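A.B. asks: First, the structure itself, so that you have it in front of you.
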Amino acid sequence: MRKKWVVAGWVVAAAVAVAAGIGAVALAQGGSLAPPTEPMSEESVQAALEEERASASGEPSPESSPRESSGAEGSVSPAPTGQLDEVPDADADTGEEIFSVDGGTFLARCSGEQAELLWWVAAQGWQISSVDREPDDEVEIEFENANDDEIEYNVDCVDGKPRVTAED
């Protein structure tokens, strides 16, 4: 009879240890037994940062839409998503080209001699300080990092293809 109580005690102790282990793992994953969540997207991170900045300054939360362009026209341009619907084909003669540069990545297109910026995203540690994206002889994008280093890229068209030059 005593042997049954010893075995039962060990079974209960093992069950408690397993339950405690499961509970510890659940706490480490955020306090639930649900599977871990996916990482936040770039848009979600930016929206959360903008909401936090707005709440800290007492201003109303900005919409996840246009950002001011500091180009000559002062036009409003939408913030790019960081994802392209379709990657341009390097062999196709579309007049579009993706440029990966210090500070970020952007997509430029030429229509004749008119350059246009279609899409852009800052690299980690950088932000976009200004964009002049409208079709023109030359368009510009400027990246800035936490050290106040700024790099401006100018895009113009040569033989119907975008050409980028950097200015520090």
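The values are calculated or read from the model by the stated rules, or taken from the named source; none is laboratory data. Given the structure is predicted, the values throughout are model-derived calculations rather than measurements. So basically every Cβ, Gly included, is an ideal-geometry build from the backbone, and we count neighbours across all protein chains shown.
A.B. asks: Which condition number in (1) without any contact (Cβ under 8 Å) to a residue 40 or more places away in the chain; (2) farther than 16 Å from GLU96 by Cα is the one that ASN145 fails?
C.D. replies: Result: ASN145 passes all but (1).
A.B. asks: In addition: Of the conditions (1) in the same structural domain as ARG163 (by TED's automatic domain parsing); (2) at pLDDT below 85; (3) within 15 Å of the chain's Cα centre (by Cα), VAL76 satisfies every one except a single condition; which number is it?
C.D. replies: Status for VAL76: all satisfied but (3).
Let's see how each residue does on (1) under 30 Å from TRP120 (Cα atoms); (2) at pLDDT below 80; (3) surrounded by 10 or more Cβ atoms within 10 Å (Cβ to Cβ):
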residue: LYS4; (1), (2), (3): no, no, no
residue: VAL12; (1), (2), (3): no, no, yes
residue: GLY31; (1), (2), (3): no, yes, no
residue: ALA34; (1), (2), (3): no, yes, no
residue: GLN46; (1), (2), (3): yes, no, yes
residue: LEU49; (1), (2), (3): yes, no, yes
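A.B. asks: Being part of a strand (DSSP E or B), at pLDDT 55 or above and among the charged types (D, E, K, R): is that true of ARG53 here?
C.D. replies: Considered against the rule, which asks whether it is part of a strand (DSSP E or B), at pLDDT 55 or above and among the charged types (D, E, K, R), ARG53 comes out as no.
A.B. asks: Taking the range 112-138, which residues are in a strand (DSSP E or B) and touching a residue at least 40 places away in the same chain (Cβ under 8 Å)?
C.D. replies: Of everything in the range 112-138, those that are in a strand (DSSP E or B) and touching a residue at least 40 places away in the same chain (Cβ under 8 Å) turn out to be GLN114, ALA115, TRP120, VAL121, SER129, SER130, VAL131, ASP132.
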